[in-house]
Amino acid sequence: MNLTKNKFRVGDMVIVNCGMVDPDFGQEISGWIGTIESCHFIEGQGYIYKLRWSDETLMENSVLKVSCQDLGLEFETMQLFENELSLHSSVRGKHFIQQCLALPRRERAYSYAGFAFC
């Protein structure tokens with residue numbers, strides 16, 4: 001088994017890549033934003049991530065929600081492969097920014113350089 005390192009971590013916020021469609025309904029889901037809840041490796045296919053959609057994404061897609069409810073499907077989460085997603089932001093990055101903003105202005109400039117090596 002050739003196991004490669006996964007690209008995203010639990011808690012990362014991701015955005016669905018351009019051209020992606022919902023596998024159940026064929027509706028475009030490009031630009032939908034969600035948070036990684038779990039990650040599993042599938043031999044021969046790669047990493048698959050369970051996402052929980054953001055509140056904004058859920059509110060903007062109420063028609064799909066009704067369709068899912070009619071068929072007994074989960075609407076608030078979806079599983080997508082790694083190549084279907086891009087990093088939107090991460091909990092680690094948000095935490096780092098909050099820490100930097102708490103620093104005096106002079107110290108803040110020096111701390112940004114260290115983030116690349118975290």
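Every number in this text was worked out from the coordinates using simple rules, so none of it is lab data. Computed from a predicted structure; not experimentally measured. Positions of Cβ are generated from backbone atoms using ideal geometry, with glycine treated the same way; all protein chains shown enter the neighbour counts.
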Residue list for region 32-45, filter: in contact with a strand residue (DSSP E or B) (Cβ under 6 Å, 6 or more places away or on another chain) and of a type outside the set (Val, Ile, Thr): TRP32, GLY34, GLU37, SER38, CYS39, HIS40, PHE41
Total residues in region 26-63, condition of a type in the set (Asp, Glu) and either crowded, with 16+ Cβ neighbours inside 10 Å or part of a strand (DSSP E or B) (or both): 2
Members of region 64-87 that are within 14 Å of TRP32 (Cα to Cα), surrounded by 15 or more Cβ atoms within 10 Å (Cβ to Cβ) and of a type in the set (A, V, I, L, M, F, W, C): LEU64, PHE75, MET78, LEU80, LEU85
